[in-house]
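Comments concern the structure below.
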Amino acid sequence: MAGPWRSPALAAAVARLEDEIRDAWARLRGGLDVAPGSPEESELAWLVVDDPGAYDWRTVDGAVDRLTCPDCGARLTAGPATCETCEFRHRMRFGARERDRPHVPPGNEHALRVATAVTRSRHRYSPRARVGYELVLPDLLAGALPTTPQAQAAKALINTLADDECDRVASLAEVVELARGR
Ligand SMILES: [Zn+2]
């Protein structure tokens, strides 16, 4: 995943998640004695994306990353929003398992995987949708989980921003500053 990301904190969080996704895939592949880059690796990746509910979401995302879309030729799910196969596979990966890490509030892992999916497929979302997920991603990765009122308050502030402002802000403090008096 190439940047540029809206903040160093987001860039660091994305880099760590990309490592975790790559490692999760390498563990599954290695455990089955499948060589990287082999036709068998592709076959395994298709098996995983066809049955996401049997695997952790990092493994499923790792499988997606190994595949090319048969319809548009882009990396699977990375094609244009109009590619139905990419859209279908993007939605399907939400069926993967998500298990909360130790010492985090219940629901953190769900929020983390949704925010990660949005960040990895940001062209499928509006500027307003992606800013909300991208601003909170580093905190989610650190183990925090905003309360519903906190999330609603942030959303209300974000809703006062124009699209170009949404894509520019690097922190919730900037959102608060821009929203002031609107
Ligand atoms: Zn496609």
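Around residue 171, what is the net charge, scoring Lys/Arg as +1 and Asp/Glu as -1 over all other residues with Cβ under 12 Å from its Cβ? Could the numbers behind the result be given before it?
Working: positive: 6, 168; negative: 134, 139, 174, 177.
Overall, the nearby charge balance is -2.
For residue 40, the solvent-accessible surface with a 1.4 Å probe is about 100 Å², rounded to the nearest 10. Farthest toward the positive end of the dipole of the chain, out of 82, 131, 153, is the Cα of 153, where the dipole comes from beta carbon charges about the Cα centre. Note that the stretch 29-37 has calculated 3J(HN,Hα) couplings of 4, x, x, 9, 6, 9, 6, x, x Hz, one per residue in order, obtained from phi through the Karplus relation 6.51 cos²θ - 1.76 cosθ + 1.60 (θ = phi - 60°); glycine and proline are x. Stretching residue 91 away from residue 123 to a fully extended chain increases their span by 10.1 nm, per 0.36 nm per residue minus the current alpha-carbon distance. Residues whose amide H lies under 5 Å from that of residue 75, counting only those 5 or more places away or on a different chain, are 69; hydrogens are built 1.01 Å from N in the peptide plane. Computed from Cα positions, the angle between helix 148-158 and the longest principal axis of the chain comes to roughly 70 degrees.
With a sphere of radius 10 Å drawn around the Cβ of residue 45, what net charge do the other residues whose Cβ falls strictly inside it have (Lys, Arg +1; Asp, Glu -1)?
Working: positive: 29, 66; negative: 40, 41, 43, 50, 65.
Overall, the nearby charge balance is -3.
Simple point charges give the picture: +1 on the Cβ of Lys and Arg, -1 on the Cβ of Asp and Glu, and for the stretch 8-179 a dipole about the Cα centre of about 220 debye. As I understand it, the dipole of the stretch 8-179 uses +1 on the Cβ of Lys and Arg and -1 on the Cβ of Asp and Glu, about the Cα centre. Which of 141, 30, 69 lies farthest toward its positive end? Sorting the options by dipole projection puts first 141.
Segment residue 159..residue 38, full-extension length gain: 38.9 nm, with 0.36 nm per residue of separation and the alpha-carbon distance subtracted. Proximity of backbone amide H atoms, modeled 1.01 Å from N, is registered between residue 97 and 55, 56, 57 at under 5 Å, excluding neighbours fewer than 5 places apart on the same chain. At a probe radius of 1.4 angstrom, the accessible area of the chain per residue rounds to 52 square angstrom.
The values are calculated or read from the model by the stated rules, or taken from the named source; none is laboratory data. Computed from a predicted structure; not experimentally measured. Here the Cβ is made from the backbone with ideal geometry for all residues, glycine too, and neighbour counts use every protein chain on show. Each accessible area value is taken on the protein alone, full model and side chains, heavy atoms only, with ligands, DNA and RNA left out. Shrake-Rupley method; radii C 1.70, N 1.55, O 1.52, S 1.80 Å.
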